Amino acid sequence: MKTYARITGTGSFLPPNRLTNADLVGQLAAQGIESSDEWIVERTGIRARHFADPETTSSDMALQACLRALDAAHCMAKDIDLIIVGTSTPDMVFPSTATILQGKLGVHGGAAFDVQAVCSGFIYALTIADAMIKAGSATKALVVGSEVFSRILDFKDRTTCVLFGDGAGAVVLEASAEPGILATDIHADGKYTDILCVPGNVSGGEILGLPLLRMDGQAVFKLAVHVLDETAHAVLAKADKTVADVDWLLPHQANIRIMQSTARKLKLPMDKVVVTVDQHGNTSAASIPLALDTAVRSGQVKPGQTLLLEGVGGGFTWGSVLLTL
């Protein structure tokens, strides 16, 4: 009998410190940086975001998201035999955030590792977990996106610091006789490294380069809209489906303009697009599972519906997953 991988539970976590645009604008003004709520909303669609406290780590937020996903799936942590965390803001250089999370969950023996594909991290992680379950290498997986992007933002650069937030999202992915993940499609092109990166690293106990986010917004926008359209059509073709079969488009929550342009190219109305960027900002690898959990718990997305998930991030990486809940 053929084995499939199916999402059986979702969970998410947002740190309690919520900053509206007005809050952030006030903080920037104290540093002599001009911005406004109107300027941010017009260019990004973002109205608020959450920032973690200094002592909160990616694994801390991932733990809370995973506990909620496990509860939704009626699954015990001890039954998990695979943990994959998509993150660009790990707790440490090593070990992986996934192994730290594994310890906090009290899980032992199963594979645990991080995936670093920035904002495409959850798509990459879900693709890998799907393949491992179908191959028989795992039966129950936690697939997570967790980020504390507030720690790598340059608050002197108003074009980037207003975009990002912190948070975590997780799903339980289980082996099933019924199709869940219908198809996946992932890509990367390293020639675009410089348009979105954090050009710093640690050497000899010192930071080399600049450990803060740098982005060419126009270049990212143009490339993102193009590759998201390509990967959407590619994953639909792999599953022998069309756009008409999609109940919900759930894109990486980066910028409302990118999301609108992507939907327009696919000829999907915005009332079929899950949007949380206005309240969460861009939470990088956490944005897709965070938006998914928000939509599931609100009743917006219902069991049996077909979802097209897609993301794009620094690297340059991009990809999509077509699934039925």
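Helices (runs of 4 or more DSSP H) wholly in segment 79-167 with at least 1 residues that are touching a Gly at 6+ places or on another chain (Cβ under 9 Å) and buried (at least 23 other Cβ atoms within 10 Å of the Cβ) - which ones? Please lay out each step first, then the result.
Details: elements: 97-105, 121-134, 158-161.
Where helices (runs of 4 or more DSSP H) fall fully within segment 79-167 and carry at least 1 residues being touching a Gly at 6+ places or on another chain (Cβ under 9 Å) and buried (at least 23 other Cβ atoms within 10 Å of the Cβ), they are 97-105, 121-134.
Within segment 44-61, track down each residue that is open to solvent by less than 10 Å² (accessible area, probe 1.4 Å) and more than 29 Å from Thr159 (Cβ to Cβ). Show your work before the answer.
Step one: filter segment 44-61 for residues open to solvent by less than 10 Å² (accessible area, probe 1.4 Å), giving 44, 46, 48-49, 58-59, 61.
Once the filter is applied, which keeps residues that are open to solvent by less than 10 Å² (accessible area, probe 1.4 Å) and more than 29 Å from Thr159 (Cβ to Cβ), segment 44-61 yields only Ser59.
What residue, among those in segment 62-78 that are part of a helix (DSSP H, G or I) and of a type outside the set (Gly, Ala, Ser), is nearest to Ile123 (Cα to Cα)?
Ranking the qualifying residues of segment 62-78, first place goes to Cys66.
Of all residues in segment 249-274, which are open to solvent by 30 Å² or more (accessible area, probe 1.4 Å) and under 13 Å from Leu307 (Cα atoms)?
Within segment 249-274, Lys272 is the sole residue that qualifies.
Going residue by residue through segment 293-300, is there one that turns out to be touching a helix residue (DSSP H, G or I) at 6+ places or on another chain (Cβ under 7 Å) and among the hydrophobic types (A, V, I, L, M, F, W, C)?
Residues of segment 293-300 touching a helix residue (DSSP H, G or I) at 6+ places or on another chain (Cβ under 7 Å): none.
Scanning segment 293-300, I find no residue that is touching a helix residue (DSSP H, G or I) at 6+ places or on another chain (Cβ under 7 Å) and among the hydrophobic types (A, V, I, L, M, F, W, C), so the answer is no.
Please indicate, with yes or no, whether at least one residue in segment 2-16 is open to solvent by 60 Å² or more (accessible area, probe 1.4 Å), in contact with a Gly (Cβ under 9 Å, 6 or more places away or on another chain) and modelled with pLDDT of 95 or more. Steps first, please.
Our first condition is that a residue be open to solvent by 60 Å² or more (accessible area, probe 1.4 Å); within segment 2-16, this holds for 2, 16.
Add one more test, that the residue is in contact with a Gly (Cβ under 9 Å, 6 or more places away or on another chain), and what stays is none.
No, there is no match, as no residue in segment 2-16 is open to solvent by 60 Å² or more (accessible area, probe 1.4 Å), in contact with a Gly (Cβ under 9 Å, 6 or more places away or on another chain) and modelled with pLDDT of 95 or more.
Taking the options Ser320, Ser287, name whichever one is surrounded by 24 or more Cβ atoms within 10 Å (Cβ to Cβ), outside any strand (DSSP E or B), at negative phi and not aromatic (Phe, Trp, Tyr).
Working: Ser320 fails: outside any strand (DSSP E or B).
The conditions single out Ser287.
Tally the residues that are under 23 Å from Val220 (Cα atoms), β-branched (Val, Ile, Thr) and in contact with a Leu (Cβ under 9 Å, 6 or more places away or on another chain), restricting the search to segment 92-129.
Residues flagged as under 23 Å from Val220 (Cα atoms), β-branched (Val, Ile, Thr) and in contact with a Leu (Cβ under 9 Å, 6 or more places away or on another chain) within segment 92-129 amount to 2.
Among the residues of segment 84-114, which ones are touching a residue at least 60 places away in the same chain (Cβ under 8 Å), of a type in the set (A, V, I, L, M, F, W, C) and more than 15 Å from Val172 (Cα to Cα)? Working first, answer last.
We begin by selecting, within segment 84-114, every residue touching a residue at least 60 places away in the same chain (Cβ under 8 Å); these are 84-89, 93.
Remaining after also requiring of a type in the set (A, V, I, L, M, F, W, C): 84-85, 93.
Within segment 84-114, just Val93 meets the criteria.
Which condition does Ala237 not pass, out of (1) part of a helix (DSSP H, G or I); (2) within 20 Å of the chain's Cα centre (by Cα), if it passes all the others?
(2)
Before we move on, is Thr184 touching a strand residue (DSSP E or B) at 6+ places or on another chain (Cβ under 8 Å) and surrounded by fewer than 20 Cβ atoms within 10 Å (Cβ to Cβ)?
For Thr184, the condition - touching a strand residue (DSSP E or B) at 6+ places or on another chain (Cβ under 8 Å) and surrounded by fewer than 20 Cβ atoms within 10 Å (Cβ to Cβ) - is not met.
Give, as residue ranges, the strands (runs of 3 or more DSSP E) completely inside segment 1-60 that count at least 2 residues that are within 30 Å of Ala131 (Cβ to Cβ) and out of contact with any Lys or Arg (no Cβ under 7 Å at 6 or more places or on another chain). It would help to see each step written out before you state the result.
On the way: elements: 4-13, 18-20, 48-50.
So the answer is 4-13.
Filter segment 290-313 for residues that are under 25 Å from Ala234 (Cα atoms), in a helix (DSSP H, G or I) and open to solvent by 10 Å² or more (accessible area, probe 1.4 Å) and give the result.
Scanning segment 290-313 gives no hits.
Name, by its number, the condition in (1) open to solvent by 20 Å² or more (accessible area, probe 1.4 Å); (2) within 30 Å of Ile7 (Cα to Cα); (3) assigned to a helix (DSSP H, G or I) that does not hold for Thr193.
(2)
Please tell me if Lys238 is surrounded by fewer than 15 Cβ atoms within 10 Å (Cβ to Cβ) and on the phi > 0 side of the Ramachandran plot.
Details: surrounded by fewer than 15 Cβ atoms within 10 Å (Cβ to Cβ): yes; on the phi > 0 side of the Ramachandran plot: no.
For Lys238, the condition - surrounded by fewer than 15 Cβ atoms within 10 Å (Cβ to Cβ) and on the phi > 0 side of the Ramachandran plot - is not met.
Just checking, how many residues over segment 158-177 are of a type in the set (Asp, Glu) and modelled with pLDDT under 95? Write out each step before concluding.
If we filter segment 158-177 for residues that are of a type in the set (Asp, Glu), which is where we start, we get 166, 174.
Okay, now just the ones that are also modelled with pLDDT under 95, so none.
So the answer is 0.
In contact with a Lys or Arg (Cβ under 6 Å, 6 or more places away or on another chain), over 15 Å from Ala183 (Cβ atoms) and at pLDDT 95 or above: does that describe Asp293?
Details: in contact with a Lys or Arg (Cβ under 6 Å, 6 or more places away or on another chain): no; over 15 Å from Ala183 (Cβ atoms): yes; at pLDDT 95 or above: yes.
So Asp293 does not fit the description; no.
The values are calculated or read from the model by the stated rules, or taken from the named source; none is laboratory data. As the structure is a prediction and not an experimental result, all values here were calculated from the model. All Cβ positions, glycine included, derive from the backbone under ideal geometry; neighbour counts span all protein chains shown. Ligands, DNA and RNA are stripped out before the accessible areas are found, and what is left, the full protein with its side chains, is counted by its heavy atoms. Shrake-Rupley method; radii C 1.70, N 1.55, O 1.52, S 1.80 Å.
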